[in-house]
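**Q** This is the structure I have questions about; it appears just below.
The values are calculated or read from the model by the stated rules, or taken from the named source; none is laboratory data. This is a predicted model, so every value here is computed, not measured. Cβ: placed from backbone, ideal geometry, glycine included. Neighbour counts: every protein chain shown. These area figures cover heavy atoms from the full protein model, side chains too; ligands, DNA and RNA do not enter into them. Shrake-Rupley method; radii C 1.70, N 1.55, O 1.52, S 1.80 Å.
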Amino acid sequence: MPGQVAAVSRNEVYSFSKPNRDSITLLTGLGVAGDVHAGETIRHQFRMTYEPDLPNLRQVHLMHEELFDELALKGFDVSAGQLGENITTRGVNLLDLPTGALLRLGEQAVLEVTGLRNPCSKINDFREGLLGEVFAMDPLSGEFTFKCGVMAVVRRGGIVCPDDPIRVELPPLPHRPLERV
């Protein structure tokens, strides 16, 4: 069974959360139409100050709805769009995807996964203590796992709506694990 789009969100201005929408339009090579993070070069508010000309590998932020269920068990009430994601998914293990995986959303849109979202301290401003819950440390390796979703670029544009199917297409082997972007 394919995954599914649970919600779509965008915001025209910089703010931590993004309002849910009935649909979003993905623009090839740019991101979400009307979203502050859309563009060919970096649009992340902090990173623009020191890397303004680098390619925007963070055009679209995807987060798995299952994270909200996990956070609810720890007393955090979080819903779609509140952590700044553009697309909230259900039934896709985003964190286990390799770099370069393609996500086919709805009829036309195609995203290429570029890396993990690096959560920032603003998460604690949203809900105190939440930042510590979106990291997990592997006790054997000491490596951190970032649980705040993945970033992607738009390879083919299209309209994306809640309940659209998501089909995953893995890149050729060997797979490269996701790193923070």
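**Q** Could you identify the single residue in Arg90, Arg104 that is open to solvent by 40 Å² or more (accessible area, probe 1.4 Å), in contact with an Asp or Glu (Cβ under 6 Å, 6 or more places away or on another chain) and closer than 22 Å to Arg155 by Cα?
**A** Only one candidate passes the filter, namely Arg90.
**Q** State which residue is nearest to Cys120 (Cα to Cα) when the search covers only region 1-16 and only residues that are of a type outside the set (Gly, Ala, Ser) and part of a loop (DSSP other than H, G, I, E, B).
**A** Among residues in region 1-16 that are of a type outside the set (Gly, Ala, Ser) and part of a loop (DSSP other than H, G, I, E, B), the one nearest to Cys120 (Cα to Cα) is Phe16.
**Q** Filter region 138-167 for residues that are over 18 Å from Ile123 (Cα atoms), open to solvent by 70 Å² or more (accessible area, probe 1.4 Å) and in a strand (DSSP E or B) and give the result.
**A** Listed by number, the residues that qualify are Arg155, Arg156, Ile159, Arg167.
**Q** Pick from region 17-41 the residues that are assigned to a loop (DSSP other than H, G, I, E, B) and among the hydrophobic types (A, V, I, L, M, F, W, C): which of them is surrounded by the fewest Cβ atoms within 10 Å (Cβ to Cβ)?
**A** Here the residue is Ala33.
**Q** Now for a separate question. Return the residues of region 6-58 that are in contact with a helix residue (DSSP H, G or I) (Cβ under 7 Å, 6 or more places away or on another chain) and more than 13 Å from Gly81 (Cα to Cα); say none if nothing qualifies.
**A** Hit for region 6-58 is Ile42, nothing else.
**Q** Which residues, counting only those in region 1-36, are over 19 Å from Val78 (Cα atoms) and β-branched (Val, Ile, Thr)?
**A** Those that are over 19 Å from Val78 (Cα atoms) and β-branched (Val, Ile, Thr): Val13, Ile24, Thr25, Thr28, Val32, Val36.
**Q** Here's another thing I want to ask about it. How many of the residues making up region 88-134 are farther than 20 Å from Pro55 by Cβ, touching a Ser or Thr at 6+ places or on another chain (Cβ under 8 Å) and in contact (Cβ under 8 Å) with a residue 60 or more places away in the chain?
**A** 3
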